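Quick one: structure below, then a few questions.
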Amino acid sequence: MAATKVCTVGFESDVITTTVTASGAAVEGWLDEVLAVHRRRLHKLVVGLDVEWRPSFGRAYSKTAILQLCVGRRCLVFQFLRCDYIPDALGEFLGAGYTFVGVGVEADAERLWNDYGLKVNQTVDLAYLAAEKMERPDLRNAGLKGIAAAVMDAHVEKPQWVRTGDWDAYYLSDEQVKYACIDAFVSFEVGRRLFNGDY
């Protein structure tokens, strides 16, 4: 039985319910819940998306280890390399035409396609969106930290030792879960605010 853990992650004044799992069934359950809760606004659903992989310091390629998705105050951290199966429902969700947002999200989508044959249908890079909406061309080259500061006046910590850690570990550390969750949550929240003009 693939492991699943549900925990809460705090970020500034928000509390995010986070499902960390290697279970295809748990992913299906998370997707069902999100789609049920947001069923009236699925036509304009914004989803924070990010991926992590073990850094390779040579030429070796590391497959994507983790997929993070966030909608509202619900986050999913799916451990690809440890999973029992990748549910069809995940492919359907990624290909359904919802708006997936993140910094460098096209590259993340390309990895998901190359590594697992998962096609993300509609991506919007937050760096370009923020630069355009806020009329700040400098944000085009900003990372999530800079964009979060500009759009939501939030301070995102991105410790190097966590970022370059062992993302294919069987059990993710609390620091890894927090890092993974906050990346996806902040992507969601920045995207939501930019689309709604709430910045």
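The values are calculated or read from the model by the stated rules, or taken from the named source; none is laboratory data. Worth saying up front: this structure is predicted, and the values here are computed from it rather than measured. Backbone-built Cβ (ideal geometry, glycine too); neighbour counts: all protein chains shown.
Out of all the residues in region 126-134, is one or more in contact (Cβ under 8 Å) with a residue 40 or more places away in the chain and assigned to a loop (DSSP other than H, G, I, E, B)? Lay out the reasoning, then the answer.
The initial filter retains those residues of region 126-134 that are in contact (Cβ under 8 Å) with a residue 40 or more places away in the chain, namely 126, 129-130, 133-134.
With the extra rule that they be assigned to a loop (DSSP other than H, G, I, E, B), the set shrinks to 134.
Yes, because at least one residue in region 126-134 is in contact (Cβ under 8 Å) with a residue 40 or more places away in the chain and assigned to a loop (DSSP other than H, G, I, E, B).
If you scan region 16-31, which residues turn out to be over 14 Å from PHE80 (Cα atoms) and either among the small types (Gly, Ala, Ser) or modelled with pLDDT under 95 (or both)?
Residue satisfying the conditions is GLY29 alone.
Output the residue which, of all residues in region 135-163 that are outside any loop (DSSP other than H, G, I, E, B) and of a type in the set (Lys, Arg), is farthest from ILE182 (Cα to Cα). Quick ask: steps written out before the conclusion?
Taking region 135-163 first, the residues outside any loop (DSSP other than H, G, I, E, B) are 137-141, 144-152, 160-163.
Restricting the remaining residues to those that are of a type in the set (Lys, Arg) gives 140, 145, 163.
Working: ARG140: 21, LYS145: 11, ARG163: 12 Å.
Ranking the candidates gives ARG140 first.
Let me ask something else about it. Collect the residues in region 10-39 that are assigned to a strand (DSSP E or B) and either closer than 26 Å to ALA96 by Cβ or out of contact with any helix residue (DSSP H, G or I) (no Cβ under 8 Å at 6 or more places or on another chain) (or both), keeping them in residue-number order. Reasoning before the result, please.
Keep residues of region 10-39 that are assigned to a strand (DSSP E or B), which gives 10-11, 14-21.
Across region 10-39, the qualifying residues are GLY10, ASP14, VAL15, ILE16, THR17, THR18, THR19, VAL20, THR21.
If you don't mind, there's one more thing I want to ask. Out of the residues in region 47-64 that are charged (D, E, K, R) and closer than 20 Å to VAL186 by Cβ, state the one that is nearest to the chain's Cα centre (by Cα).
The initial filter retains those residues of region 47-64 that are charged (D, E, K, R), namely 50, 52, 54, 59, 63.
Imposing the further condition that a residue be closer than 20 Å to VAL186 by Cβ reduces the set to 50, 52.
Values: ASP50: 3, GLU52: 9 Å.
Selected residue: ASP50.
Could you list, in sequence order, all residues of region 54-83 that are within 19 Å of ALA2 (Cβ to Cβ) and assigned to a loop (DSSP other than H, G, I, E, B)?
LYS63, THR64, ALA65, CYS83
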